[in-house]
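Participant: Would you mind keeping the following structure in view while I ask a few things?
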Amino acid sequence: MKVLVINAGSSSVKYHLYLMPEAEVLAHGFVERIGEKTSELSHFCHGNTYTVPAKVGNVGKAMELILQTLVDKEVGILQQISEISAVGHRVVHGGEEFTGSVVIDENVIASIDKFADLAPLHNPPNLAGIRAAQSHLPNIKQVACFDTAFHATIPKVAYMYALPYELYEKYGIRRYGFHGISHRYVARRAAALMGKGKYDINAITCHLGNGCSITAVKNGHSIDTSMGLTPLEGVPMGTRSGDLDPAILFYLEEKGYDVKTLKSLCNKQSGLLGLSGVSNDMRELEKLASKGHERAELAIDVFCYRIKKYIGAYAAILDTVDAVVFTGGIGENSVFMREKICNAVTQIGVKLDLAANKDAIAKEAEINTKDSQVKVFVIPTNEQAAIANDTYELAKGRTSVLCGSL
Ligand code: ADP
């Protein structure tokens, strides 16, 4: 069965064509700079890379170009588009409604639309991708996999903010959490690497990329996570502030900052970029810090310190920790950051094997010493494989894929 996985954002659409159940990637690529003059499609197939400049005005046009490319006589892989049996879509916000992946119908579409209020940058392009795929492939199952769904098991004590209760009832203000497809994937892989069942593991999963989040996984289920109502809460990120005293915003408002400026300040000018004043890219900051750049060093230190606090807090709520898992661009590639973080959390029983850490770049690896009480893994995330898997299961006829179940 061939399954197409779509991740539609506001300025790019990424795609992977899978052969299932083998989980073999037949072709993949992305359309980037949608809506700009310089948009283009990059397509990887048969070991070759093709780049096609094309004026792509919106997500619908990007989908059209992707499908045309997949059946293109020269660079494509399909004879006809009808060889695709199902499409899996990444959807950022599923509110409280979706506790797993689902086959898309009009009700699901209405809910994704409703939650656009909570994820205005993400749900609308996700939905545009769904509608475009439906119009080109009307007779096959389309599946939605939500970033929030893995966190549906977080108990009320962890998801409630200490605000007037009516705000939860009226507006759904609560912790939802994100990166759930990634946290679920790496937690399952860590369990498999330890020879444990997927519900037998307690882990702290650290997704450290441009966006960063940390999740406490108990018996295979998310019981708390650092991102909240939106992906702004938690540890500092490339350009996002993470946790703040909310009174800072009131104070700045009194100084003349309006809401739009504050949004941009917290989302686009803070985090590693705001602290360092030079870059949101960890590679760049590591280079600068090694040459004595004080603010790059400060950005790295704050990042590590806040991660340490989350790992400590999650160790406290988990009682026992079997594994700490690193994933995302920084987690998968930065030997330096992993060492710094692991050295900061030795109290929970983490002992890093320096040589194993050095060797673990962008590959699955166990990087703890033999006598470490807690395993430490590097696990490259594979959200598209997880989406392909759920889509395949639902296309075969399974009625639901709860996040607990795959
Ligand atoms: P996104 O959240 O956009 O998917 P990624 O998961 O690709 O982002 O992570 C991007 C981050 O990973 C950037 O901060 C980048 O600097 C960092 N990164 C990638 N490779 C390395 C590396 N070798 N060393 C340190 N940081 C790295």
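The values are calculated or read from the model by the stated rules, or taken from the named source; none is laboratory data. These numbers come from a predicted model, not from an experiment. When we count neighbours, we look across all protein chains shown, and the Cβ atoms used for this are built from the backbone with ideal geometry, even at glycine. Protein only, heavy atoms only, side chains kept; ligands, DNA and RNA dropped before computing areas. Shrake-Rupley method; radii C 1.70, N 1.55, O 1.52, S 1.80 Å.
Participant: Per residue, how many Å² of accessible area does region 59-111 show with a 1.4 Å probe?
Facilitator: Counting only protein heavy atoms, the per-residue value for region 59-111 is 43 Å².
Participant: As a quick test, which of the pairs LYS255/LYS309; LYS287/LYS370; LYS287/LYS340; LYS2/LYS141; LYS308/LYS340 have an alpha carbon distance above 20 angstrom in this structure?
Facilitator: Result: LYS255/LYS309; LYS287/LYS370 exceed 20 Å.
Participant: Taking the chain as a Gaussian network, where each spring joins two C-alpha atoms under 10 Å apart, which residue of VAL13, VAL108, VAL52 fluctuates the most?
Facilitator: Of the options given, VAL52 has the highest mean-square fluctuation.
Participant: Per residue of the chain, what 222 nm ellipticity follows from adding -39500 (n - 2.57) for every DSSP H run with n ≥ 4, rounded to the nearest 500?
Facilitator: -11000 deg cm²/dmol
Participant: DSSP loop trypsin sites (Lys or Arg not before Pro) in region 310-406 with at most 16 other Cβ atoms within 10 Å of their Cβ, which ones?
Facilitator: Values: sites: ARG338, LYS340, LYS351, LYS358, LYS363, LYS370, LYS375, LYS396, ARG398; in loops: LYS351, LYS363, LYS370, LYS396, ARG398.
For trypsin sites (Lys or Arg not before Pro) across region 310-406 that sit outside H, G, I, E and B with at most 16 neighbouring Cβ atoms in 10 Å, the list reads LYS351, LYS363, LYS370, LYS396, ARG398.
Participant: When the chain is treated as a GNM, springs tying every alpha-carbon pair under 10 Å, which of GLU366, GLU40, GLU284 comes out with the largest mean-square fluctuation?
Facilitator: GLU284
Participant: Give me the one-decimal Kirkwood hydrodynamic radius in Å for region 78-162, with the sum taken over alpha-carbon pairs.
Facilitator: 13.8
Participant: Still on this structure: So what are region 238-334's ellipsoid semi-axes, whole angstrom, largest first, if each one is the square root of 5 times an eigenvalue of the alpha-carbon gyration tensor?
Facilitator: The equivalent ellipsoid of region 238-334 has semi-axes of 27, 21, 11 Å.
Participant: Would you mind getting the accessible area per residue of region 341-394, heavy atoms of the protein chains only, 1.4 Å probe, in Å²?
Facilitator: 44
Participant: Read phi for every residue in region 225-242 and hand back ³J(HN,Hα) as whole Hz from Karplus 6.51 cos²θ - 1.76 cosθ + 1.60, θ = phi - 60°, with x for Gly and Pro.
Facilitator: 8, 7, 7, x, 4, 10, x, 8, 7, x, 6, x, 10, x, 10, 9, 6, x
Participant: A further question follows. Once neighbouring chains are kept in place and the probe is 1.4 Å, which whole percent of the accessible area of the chain is contributed by carbon and sulfur? Intermediate results must be reported in sequence, preceding the final value.
Facilitator: Working: 9580 of 18380 Å².
Ligands and nucleic acids excluded, carbon and sulfur give 52 percent.
Participant: Using the Cβ atoms and a cut-off under 12 Å, what net charge is assigned to the surroundings of SER85, where Lys and Arg are +1 and Asp and Glu are -1?
Facilitator: Numbers: positive: LYS2, LYS141, LYS396; negative: GLU83.
Its environment carries a net charge of +2.
Participant: So what J values fall out for region 342-349 if you push phi through Karplus, 6.51 cos²θ - 1.76 cosθ + 1.60 with θ = phi - 60°, rounded to Hz, Gly and Pro as x?
Facilitator: 5, 5, 7, 10, 5, 4, 8, x
Participant: If you plug each phi of region 92-104 into the Karplus form 6.51 cos²θ - 1.76 cosθ + 1.60 with θ = phi - 60°, what whole-Hz ³J(HN,Hα) values come out, in order, with x for Gly and Pro?
Facilitator: Along region 92-104, the couplings run 6, 10, x, x, 8, 7, 10, 9, x, 7, 9, 6, 7 Hz.
Participant: Which net charge results for the neighbourhood of GLY95, defined as the other residues with beta-carbon distances under 13 angstrom from its beta-carbon, given Lys and Arg at +1 and Asp and Glu at -1?
Facilitator: Its environment carries a net charge of -2.
Participant: Using a cut-off of 14 Å between alpha-carbon atoms, which aspartates and glutamates can reach LYS351, once sequence neighbours fewer than 8 places away in the same chain are excluded?
Facilitator: Straight-line reach from LYS351, under 14 Å: ASP322, GLU339, GLU366, ASP371.
Participant: Moving on. I need the semi-axes of the equivalent ellipsoid of region 1-107: take the C-alpha gyration tensor, multiply each eigenvalue by 5, square-root it, list largest first in whole angstrom.
Facilitator: Largest first, region 1-107 gives 23, 19, 11 Å.
Participant: Please work out whether the chain counts as rounded, prolate or oblate from its C-alpha gyration tensor, where a ≥ b ≥ c are the square roots of the eigenvalues and a/c under 1.5 means rounded, while otherwise a/b larger than b/c means prolate and anything else oblate?
Facilitator: Here the chain falls in the rounded category.
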